[in-house]
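What follows is a single structure, written as structure tokens, with notes after it.
The values are calculated or read from the model by the stated rules, or taken from the named source; none is laboratory data. These figures come from a predicted structure and were not determined experimentally. Counting neighbours? That spans all protein chains shown, and the Cβs are built from the backbone with ideal geometry, glycine included. What goes into the accessible areas is simple: the full protein's heavy atoms, side chains included, and nothing from ligands, DNA or RNA. Shrake-Rupley method; radii C 1.70, N 1.55, O 1.52, S 1.80 Å.
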Amino acid sequence: MAEDLLRIVNLCKGFGAVQACNNLSLEIRAGELHAIIGPNGAGKTTLINLVSGDLLPDTGHIYLGDQEISQLPLHRRAHLGLARSYQITSVFPQLTVEENLLLAIQAHCGHSFRFWKSSNTDSQLRGELLPAIEQVGLTERAGIRAGNLSHGEKKQLEVGMALACKPRLLLLDEPMAGMGPGGTVELRKLITKLKQQMTILLVEHDVDAIFALADRITVLVYGEVVATGTPEEIRSNPAVREAYLGEEVQTC
Amino acid sequence: MFRRLTRKTYVLSAGALLLLLLPSIMQLVDEPYLISLFSRILIYALAAVSLDLILGYGGMVSLGHAAFFGIGAYVVSIFSYHSFDGSPLLTWPLTLQGQENALLTWPAAMLTSAVLAAFIGALSLRTSGMHFIMITLAFAQMLYFFFVSLEAYGGDDGLSLMSRNTLAGLDLTNDTTFYYLCLTLLCTFLIIAYRLVHSRFGMVIRGSRDNAKRMQSLGFPIYRYKLVCFIIAGAAAGLAGALIANQTEYVSPGLMHWTRSGIILIMVLLGGTGTLFGPVLGAAAFLLLEEVLAIYTAHWMVYMGPFLILVVLFARHGLYGIIVGREKDNG
Ligand SMILES: Nc1ncnc2c1ncn2[C@@H]1O[C@H](COP(=O)(O)OP(=O)(O)OP(=O)(O)O)[C@@H](O)[C@H]1O
Ligand SMILES: [Mg+2]
């Protein structure tokens, strides 16, 4: 068995009366693409936020490798090799696409107390820019302000920024939502390629994509794990069919 | 800086030429006393550009920037006071005598402002938005009342300088010389600020303005970068303060009053936030308008107010945005 890159142990997070993450335990193996599915409000985004550091848990532990990270601030976790995309796009609206990506690259090129040299012509940063901008298909939009991009393009940029961080563990929160059919196909290809290079935790509503891409799937309902397993195991799990997939079939 | 001949190039070249020739023009039209008004404009421009560094580029809306301006002015004046008085400024922990040499007192003014900015920034940058505005305002007001009650240096009445500082053979009492000195310092700071906002450091500052959360999740510990930016702006405002003390040869606690912070803020808004040359334009527009309106009425603010509101409402990037159009970015 491959060793675990991320271990989540008895994690709890509540918002008032809502228990968005309820005594949740989960292991992500090194190198796998682990998908999280679940109905709206199941706590998928909350889980990503707890792992990334956007939120701190009420109780419980998160280990990246051997290191406990559940109380570390966001930026420290980023340097340990975590990067994420946001479900609600979170880019720098007043900066250009290029500048957005340059910032993501810069974050991992040492400290930024460099006051004189222009970052736009910095060869260390620009060297990584071209592949970063190409792989999310935004080459033609390099000079556009991020705030003026279409919704789908913002999502592409969002993913591009996470990738520019060259993470060990990539957290993707519904990267395909709102992307349009063309973008979705491209992104599926990209994720298939990325699978070889890094561990990925993917939250997605598109069940087809999930079952095609994932090595293992965890089903979340009301902040609790209903099941974890390979796509086949999940498909044939009666509890899952009832709790989640069944619903999906009925509404279709 | 300029690769193509664009509207911005013309505007900036014309502006630079005008500022260079101003003393001669004033001599020609026989209004030499106006030179000191333009020195004032340059000094306030320096303060306004430094504020825009944190406000326009860093998104830190400070209503206490005059604290650094005022401290800079007081440092220079207190040194000068003791120099004429002959008494020591400090006897403990070290003995410090009065001083009139600008090469010593101006850096001292900047250093004092920087230290103060480090202290105020370290505390207020833990908050943001409205809280940040209120905390910077509160610190500046505390300082204001401190100097009001500091009887040793004139308290409420302020402190007069016996003369301007000395600077390596330059005659600072000559208004034209002083004007060119102010112009040199402003231009130097503009160049530094231009490099700064386009550097890696500047990108971190601008990114934090746009989306602080995202900066952190990319891996930037933004607090320390914002603090350093706040300190740089504070030091520059301190230099502006040192200059204004020399220009008027008089300082008073009013220099740190929150209305003074407000005026510097208005200059930035009027000229254009998030630009470097905008605040220069804003300072010029504000002080010239004040000068002209004051001839006709004591209630000049009544006319200035609506003008400000119109500019801020209809020109998101202020006067500079109107003049140079879409090239207002990148300075
Ligand atoms: N900041 C917050 N404050 C209060 N309640 C919250 C907050 N964030 C999430 N919740 C609640 O926690 C629960 C889980 O939310 P979460 O966003 O994690 O669900 P999700 O699985 O990502 O849903 P979706 O599929 O709609 O994205 C929901 O009931 C939500 O209302
Ligand atoms: Mg969600």
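Here the 3J(HN,Hα) profile of the stretch B:64-72, calculated from phi with Karplus coefficients 6.51, -1.76 and 1.60 at θ = phi - 60°, is x, 5, 5, 4, 6, 4, x, 4, x Hz, Gly and Pro shown as x.
Spin-label pair B:Y10-B:S128: with each label point 7 Å from Cα along the Cα-Cβ axis, the two points sit 4.1 nm from one another.
Computed over protein heavy atoms with a 1.4 Å probe, the accessible surface of chain B works out to 44 Å² per residue.
Go through B:65-76, B:223-234, B:290-301 and give me the packing order, highest mean Cβ count within 10 Å leading.
Values: B:65-76: 30.7, B:223-234: 22.3, B:290-301: 11.6.
Packing order, densest peptide first, comes out as B:65-76, B:223-234, B:290-301.
The antiparallel fraction among DSSP beta bridges confined to the protein assembly as shown stands at about 60%. For the stretch A:112-160, heavy-atom accessible area (probe 1.4 Å) falls by no less than 40 Å² from the chain alone to the full protein assembly at A:S112, A:F113, A:R114, A:F115, A:W116, A:S119, A:R145.
Quick check: from the Cα gyration tensor, does the stretch B:124-231 come out rounded (a/c under 1.5), prolate or oblate? Write down the numbers at each step before the final one.
On the way: a/c = 4.01, a/b = 1.43, b/c = 2.80.
Here the stretch B:124-231 falls in the oblate category.
Remark on B:T166: its backbone amide H falls under 5 Å from those of B:N101, B:A102, a criterion applied only to residues 5 or more positions apart or on other chains, H modelled at 1.01 Å from N. Once backbone amide H atoms are built at 1.01 Å from N, A:A35 has A:L202, A:D215, A:R216, A:I217, A:T218 as its partners under 5 Å, excluding neighbours fewer than 5 places away on the same chain. In the stretch B:165-206, the residues whose accessible area drops by at least 50 square angstrom when the other protein chains are added to the isolated chain are B:R195, B:R200, B:M203; the probe is 1.4 Å and only protein heavy atoms count.
A plus B alone minus the pair: what accessible area, both sides summed, probe 1.4 Å, in Å² to 100? In total, this chain pair buries about 3000 Å².
Once the Cα atoms are used to define both axes, helix A:181-194 deviates from the longest principal axis of chain A by about 90 degrees.
Hey, got the average number of other protein chain Cβ atoms within 10 angstrom for residues in A:89-97?
Details: counts 1, 5, 3, 10, 2, 8, 6, 1, 0.
Mean shielding count: 4.
Taken about its Cα centre, the protein assembly as shown carries a charge dipole of about 900 debye when Lys and Arg each add +1 at the Cβ and Asp and Glu each add -1 at the Cβ.
Using packing as a proxy for protection, rank A:202-211, B:92-101, B:145-154, A:163-172 so that the peptide with the highest average count of other Cβ atoms within 10 Å comes first.
Working: A:202-211: 18.4, B:92-101: 12.3, B:145-154: 14.0, A:163-172: 22.8.
Final packing ranking: A:163-172, A:202-211, B:145-154, B:92-101.
The residues packed around B:L161, meaning those with a beta-carbon under 13 Å from its beta-carbon, carry a net charge of -2 if Lys and Arg are +1 and Asp and Glu are -1.
Which of the peptides A:51-62, B:204-215 is most tightly packed, and how do the rest follow, judged by the mean count of other Cβ atoms within 10 Å per residue? Can you show the working numbers first?
Working: A:51-62: 18.2, B:204-215: 22.8.
Those peptides, ordered most packed to least, come out B:204-215, A:51-62.
Using a probe of 1.4 angstrom and keeping all protein chains present, the accessible surface of chain A works out to 44 square angstrom per residue.
What's the extension gain from B:L18 to B:L288 if we count 0.36 nm per residue and subtract their Cα-Cα distance? Could you put the intermediate results ahead of the total?
On the way: separation 270, 0.36 × 270 = 97.20 nm, distance 1.50 nm.
Extra length available between B:L18 and B:L288 comes to 95.7 nm.
Contact with the other protein chains removes 10 Å² or more of accessible area, compared with the isolated chain and a 1.4 Å probe, from these residues of the stretch A:67-85: A:L74, A:H75, A:A78, A:H79, A:R84. With a cut-off of 14 Å on the backbone N, the residues of the stretch B:150-188 near the modelled label site 7 Å out from B:F84 along Cα-Cβ are B:153-154, B:158-166.
Can you give the FRET efficiency to the nearest 0.05 for B:R195 and A:C12, using r as the Cβ-Cβ distance and R₀ = 60 Å?
Numbers: r = 49 Å, r/R0 = 0.81.
The formula returns an efficiency of 0.80 here.
Here chain A carries DSSP beta bridges of which approximately 55% are antiparallel, counting only pairs with both residues inside.
In percent, rounded to a whole number, the relative contact order of chain B is 30, using alpha-carbon pairs under 8 Å and six or more apart.
Do any of A:K155/B:K226; A:K195/B:K213; A:K117/B:K8; A:K155/B:K8 go past 31 Å between their Cα atoms, and which? Distance filter (> 31 Å) returns A:K155/B:K8. Backbone amide hydrogens, once placed in the peptide plane, bring A:L171 within less than 5 Å of A:A83, A:R84, A:S85, A:L201, excluding anything fewer than 5 places away on its chain.
Calculated FRET efficiency, A:R235 to A:A177, Cβ-Cβ distance, R0 = 25 Å: about 0.65 to the nearest 0.05. Of the heavy-atom accessible surface of the stretch B:2-324 (probe 1.4 angstrom), what whole percent is carbon and sulfur? Percent of accessible area from carbon and sulfur atoms in the stretch B:2-324: 68.
On the accessible surface of chain A, probed at 1.4 Å, how many percent belong to carbon and sulfur atoms? Percent of accessible area from carbon and sulfur atoms in chain A: 51. With contacts taken as Cα pairs under 8 Å and at least 6 residues apart, the stretch A:88-166 reaches a relative contact order of 51 percent. Couplings 3J(HN,Hα) of the stretch B:116-129, computed from phi: 4, 5, 4, 5, 5, x, 4, 7, 6, 6, 6, 10, 8, x Hz, in residue order, whole Hz [Karplus 6.51 cos²θ - 1.76 cosθ + 1.60, θ = phi - 60°; x for Gly and Pro]. In order along the stretch A:84-99, the Karplus-derived 3J(HN,Hα) couplings, from 6.51 cos²θ - 1.76 cosθ + 1.60 at θ = phi - 60°, round to 9, 10, 9, 5, 8, 3, 9, 10, 9, x, 8, 9, 6, 3, 4, 5 Hz, and Gly and Pro are given as x. Consider a paramagnetic label point 7 Å from the Cα of A:F113 along Cα→Cβ; state which residues of the stretch B:210-242 have an amide N under 14 Å from it. In the stretch B:210-242, the label zone of A:F113 (backbone N under 14 Å from the point 7 Å along Cα→Cβ) covers B:221-232.
Between B:D30 and B:T166, full extension at 0.36 nm per residue minus the direct alpha carbon distance yields a gain of 46.2 nm.
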